[in-house]
Each structure stands twice: as structure tokens, then as C-alpha cells.
Amino acid sequence: MALLLPAVQSAREAARRIQCANNIKQLALALHTYHDTHEELPYGNPWRGAGPVLEPGSWATLILPHIEQENLFDAFDFTKTLDQPVNEGPVTTLVEGFTCPSDEYSSQGVMGARCSCCGSGSPSRSMALWYTASAGPVQTGPNCRFCSRDQPYCCQGKQYGQDGEGPGMFYRDPETVQFREVTDGLSKTIMLGETLPNQNMHNAAYSVNMSIGVTNVPLNLMMEEHELPRPELSDGENHSINAHERGLGYKSMHPGGVQFAMGDGSVHLIQETLDFQLYNQMGTKAGGEIEGVKEVSGESGGRR
């Protein structure tokens, strides 16, 4: 019987990975439907470096009508911030399509909405998000901690947190992207990727800050135990900057890799051993890399 356990565990993880791939696929297709309707992708989140945050509409909020969650979308009061009582119901409603079943925390769904700006309209508890929209190799801080400034492929555009256009397919309100702007090719550009909310300082699905991730943090780079924000923590406690930046990276509980949806809706398991420069090039929408450089294996089908 003991000899069968590894095979059983492997089969179960394979099933969970398939479900995860289906979840991120549906989110990618929803983004395509949104683009068909509005002729642009949604912004990553409504946070702006200056001025008040009025609407609680991250990209994950805005695609709810396109993932059969129109009633949930209608329940939001977009004239109020997320921490107002009127939005408590929709904010804490479980959306299974936002979760990855390989992560033990996915069963609870709703977690403490830890963030560095919890006083700016973020709730104390929220539906978490296991898939974040890609901002690409945007600067994660004044020092680009996981690469140096003589490596521009992984430290581009505005500093994370500042207004202005980013190098990836998503950034802050009011910046939005049209597919025609993705000149590197939709099939070669990362649109969505997996994250682990318990490893993410900005884990809320609808949070004003942040529902997006970056590619200039190495794949599956986890926080240290002492850096981890506790699931019950909801007071906006700040951890180290290093932990903050690590949390923005893509990571999963799948052995050896992370699942991504490309701009064309195809889903791939990208190995954590992928060349770091190539990974960052896959995060840019118009980086102008040499044709053929931005290639990825593991095709599981484009838009359908």
C-alpha cells in the first residue's frame, strides 16, 4: 500500500494542475471577451499614485460578468471603497475560479487582505486571488532588488507604484492596453500567471493595490518563514521590502513550475529553471526582442 501512495499523490496533483490550468484559461478568455466589448483590456487595479481611490474595480472585478459572476459584479457599489459595509458581501464571496486547488489555502478562499495601503479603501478580509495580471519586468522598487540597472531587460518603465505606462500587458488605472499594442505577439507575451496569496503582500482579488504581478522576481522565489504575512493579519503591518518584492513574483505549488496564460489565451507550465532574461522578455508587450527569442513550450491551446 505504501508503494502506491506516491502514484496516488502524483495523480491527484496532476488533476489539480489540470483544474488550475482550466481556471486560468477561463480568466484569459474572459479578458478576451472584455477586450471584444470595450476594445481594450481592463486596467490592472484602480490605485493611482495621486488622488483618491474611488472605485473598487481591479481587473478581476471587471471581468466578473464574463465568468458567469454577473450577479456578484452587480452587488458591488462602485461609488464606495471596498472597506465600506455595502461592499462587504461581494468582497467576501467565494469565487472558485480565482483559486488554485494545489494550494492548501484555496479551500478557505477569503483571507486577510494584507496590503501596504490598507487605509486607502482595502477591506480587512477579502476573496484572495491565485492568478495575477502581468505588469512584466516593471521596476519593483528603487533598487530593482532581483536584478541590477545594467540589466534593463528586468528593470523597465516606471517604478512599481508610480503612475505611467508599464512594460507589460497590465498596469494601474488609468493605463490600459489594446491587443494591437502587443507588438511582440500575443502568443509570446505573458498575460496572467499564478501566485500564492499567503506569499503575497497584496493578495486581495479586488484590492486597490495590487492585483498584478511582475516577471523580474525569479519564478517560485518564496518568502522566508519570518517574512510571511499571516492569513489572519489584517492590520496592514509592513514586512521587509524584500518580502514585499518577493510577493509580487509568480509562484505555485506545482512541482518545478508555474502556469501562465499568454496573450492569445494559451496556457503553459513554465519551468522555474527557465533562463531569467528570456522570462523577463516574455513579460514585455513591445520589447522588440529578436524574433524567435520569446518562445515557450507546453502549449495547451489558444483562444477558443
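The values are calculated or read from the model by the stated rules, or taken from the named source; none is laboratory data. This structure is a prediction, so every number in the text was calculated from the model and none was measured. Methodologically, a virtual Cβ is constructed for each residue, glycine included, from the backbone with ideal geometry; neighbour enumeration extends over all protein chains shown.
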TODO: Could you tell me which numbered condition P218 fails, if it satisfies all but one of (1) crowded, with 23+ Cβ neighbours inside 10 Å; (2) at pLDDT 70 or above; (3) not β-branched (V, I, T)?
DONE: (1)
Open item on the list: Need pairs with beta-carbon distance below 9 Å; first residue closer than 11 Å to S266 by Cβ and among the basic types (K, R) and within the stretch 186-203, second assigned to a helix (DSSP H, G or I) and at pLDDT 90 or above; sequence gap 6+ or separate chains.
Closed with: K188/Q281; K188/M282
Open item on the list: Among the numbered criteria (1) at pLDDT below 85; (2) crowded, with 19+ Cβ neighbours inside 10 Å; (3) not charged (D, E, K, R), which one does N242 miss?
Closed with: (2)
Task: Matching residues in the stretch 63-104 - criterion: being touching a strand residue (DSSP E or B) at 6+ places or on another chain (Cβ under 8 Å), at pLDDT below 95 and either at positive phi or buried (at least 19 other Cβ atoms within 10 Å of the Cβ) (or both) - done: L82, V91
Open item on the list: Which count do you get for residues in the stretch 190-222 that are touching a strand residue (DSSP E or B) at 6+ places or on another chain (Cβ under 6 Å) and not hydrophobic (A, V, I, L, M, F, W, C)?
Closed with: 7
Task: Any pair with Cβ under 7 angstrom, 6 or more apart, that starts in the stretch 88-114 at a residue that is among the aromatic types (F, W, Y) and ends at one that is surrounded by fewer than 21 Cβ atoms within 10 Å (Cβ to Cβ) - done: Y105/N198; Y105/P231
